[in-house]
Amino acid sequence: MRIASLVAVLMFAPGCFWVFDDRGSGDDQCDLVAAQELVADPAPLRNPETLSCQSFGTGCDPACGPCPLADPSQPIPTWGFCGHSCEQLTETACSADPSCRVIKDVRCLLGRDCTTDFLGCFPTDQGIDNSIDCFAAEDGATCSRSNACVAMHRADCSGAANIPPECVRTFALCAPEGADIGRCHEVATCDVPTPACGVNETAGVANGCYTGACIPDDVCEPL
């Protein structure tokens, strides 16, 4: 029996279907139609805790059949996109662009023993909130939501012109742009309340006063 038209029958596997086609041979033909290329997944996002890129998406082509529903319990983050134009900017240009945020190498900043503490420029979170108290931001995601905040990361590539992929860059603390976080081992002499820092953190001191920064002990400058 000849089949005059294409009939698509959904298979159990998501994202593909069988096609029955009469190609003039007189016999039913059954071909598995594979997508020539996957529908483009969203661009990788920049994890604000590690500055690494992460991909989110199923890799399923809806033109090939029904795709799995997204898991509502695991929403895609609103982090900035990898490859954003911010990544090409200098520190000065980054500070001037409201869609970008400055990242600094905290050990370099505290030790003051490297060529530059500028680690890079990356886009802010897509959910911008410039009312955030930068010193109070305890994680990279919160810090990344305001371009008025500078995120300070631990880095094994201090002063590198081009950051190698293997460089570990975990979030350490957040501070207002232009603020001096102080140092761990300076002595406070002025009448300013000590910030309520957590365990394994030291209140930063600059010019004899507490700055409001809580510096993780593992990145403090050497005695």
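The values are calculated or read from the model by the stated rules, or taken from the named source; none is laboratory data. Treat the numbers as computed from the prediction; the structure is a model and nothing was measured. Don't worry about glycine lacking a Cβ; one is built from the backbone with ideal geometry, like all the others, and counts go over all protein chains shown.
Go through the stretch 185-223 and report how many residues are small (Gly, Ala, Ser) and within 30 Å of the chain's Cα centre (by Cα).
Filtering the stretch 185-223 down to residues small (Gly, Ala, Ser) leaves 188, 196, 198, 203-204, 206, 208, 212-213.
Retained after the next criterion (residues that are within 30 Å of the chain's Cα centre (by Cα)): 196, 198, 203-204, 212-213.
Number of matching residues: 6.
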Condition check for Thr90: modelled with pLDDT of 95 or more and under 17 Å from Gly178 (Cβ atoms): yes
For the stretch 162-180, check the following and say yes or no: at least one residue is modelled with pLDDT of 90 or more and over 23 Å from Gly80 (Cα atoms). yes
Take the residues in the stretch 172-223 that are acidic (Asp, Glu) and without any contact (Cβ under 8 Å) to a residue 40 or more places away in the chain, then tell me which one is surrounded by the fewest Cβ atoms within 10 Å (Cβ to Cβ). Asp191
Report yes if some residue within the stretch 125-134 is among the acidic types (Asp, Glu), at pLDDT 95 or above and more than 19 Å from the chain's Cα centre (by Cα); otherwise report no. yes
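For (1) aliphatic (A, V, I, L, M); (2) under 30 Å from Thr92 (Cβ atoms); (3) assigned by TED's automatic domain parsing to the domain that holds Lys104, each residue gets a yes or a no:
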{"site": "Cys184", "(1), (2), (3)": "no, yes, no"}
{"site": "Val187", "(1), (2), (3)": "yes, no, no"}
{"site": "Cys190", "(1), (2), (3)": "no, no, no"}
{"site": "Thr194", "(1), (2), (3)": "no, no, no"}
{"site": "Val205", "(1), (2), (3)": "yes, yes, no"}
{"site": "Cys209", "(1), (2), (3)": "no, yes, no"}
{"site": "Ala213", "(1), (2), (3)": "yes, yes, no"}
{"site": "Pro216", "(1), (2), (3)": "no, yes, no"}
{"site": "Glu221", "(1), (2), (3)": "no, yes, no"}
Check whether at least one residue in the stretch 104-121 is crowded, with 22+ Cβ neighbours inside 10 Å, among the β-branched types (Val, Ile, Thr) and within 17 Å of Arg46 (Cβ to Cβ), and report yes or no. no
